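Below: the structure, in structure tokens.
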Amino acid sequence: MFGTLIVALPSNHTGVELLVRLEGEEKAIDFSTDSSQGKIAYAAFYADCDHEVKPLTEGFRVVLVYNLIQKHLTIR
């Protein structure tokens, strides 16, 4: 596994920011704006990043979470 992909399906909600940290830098991703407008939002980050999901404060949230993997090819 080399990373994670999160896909947020459209839904009305507030809260649930995704915080991603790497080497002292932090990025906050808020899916609620795009999601409440009927858009599909997504984020991807490497496996060595720390991440945290803040609490949902209103509504509901539906996400798909994928582990990104790479198979090693053997050349014969």
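The values are calculated or read from the model by the stated rules, or taken from the named source; none is laboratory data. Predicted model, so just to flag it, every value in this text is computed and none were measured. Glycine gets a Cβ as well: all are built from the backbone with ideal geometry, and neighbour counts include every protein chain shown.
Points to keep in mind about this one:
- Candidates Glu52, Glu58, Glu17 - the one that is surrounded by 13 or more Cβ atoms within 10 Å (Cβ to Cβ) and of a type outside the set (Ser, Thr, Tyr): Glu17
- Those residues of region 61-76 which are surrounded by 11 or more Cβ atoms within 10 Å (Cβ to Cβ) and not in a loop (DSSP other than H, G, I, E, B), in sequence order: Val62, Val63, Leu64, Tyr66, Leu68
- Taking region 21-49 as the range and being more than 15 Å from the chain's Cα centre (by Cα) and either surrounded by fewer than 11 Cβ atoms within 10 Å (Cβ to Cβ) or among the acidic types (Asp, Glu) (or both) as the test, the residues that pass are Glu23, Gly24, Glu25, Gln37, Gly38.
Residue by residue, here is whether (1) outside any strand (DSSP E or B); (2) in contact with a helix residue (DSSP H, G or I) (Cβ under 6 Å, 6 or more places away or on another chain); (3) closer than 21 Å to Gln70 by Cα holds:
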| residue | (1), (2), (3) |
| --- | --- |
| Ile6 | no, no, yes |
| Leu19 | no, no, no |
| Ser35 | yes, no, no |
| Tyr42 | no, no, yes |
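- Residues satisfying the stated conditions in region 24-76, i.e. among the β-branched types (Val, Ile, Thr) and either over 14 Å from Pro10 (Cα atoms) or modelled with pLDDT of 95 or more (or both): Ile29, Val53, Thr57, Val65, Ile69, Thr74, Ile75
- Evaluation of Glu58 against the conditions (1) of a type outside the set (Ser, Thr, Tyr); (2) out of contact with any helix residue (DSSP H, G or I) (no Cβ under 8 Å at 6 or more places or on another chain); (3) within 20 Å of Thr4 (Cβ to Cβ) shows that the sole unmet condition is (3).
- Every pair of residues 6+ apart whose Cβ atoms lie under 6 Å, when the first sits in region 51-76 and is on the phi > 0 side of the Ramachandran plot while the second is surrounded by 10 or more Cβ atoms within 10 Å (Cβ to Cβ) and not basic (Lys, Arg): Gly59/Asn12; Gly59/His13
- Only one of the numbered conditions (1) at positive phi; (2) without any contact (Cβ under 8 Å) to a residue 12 or more places away in the chain is not met by Gly15, and that is (2).
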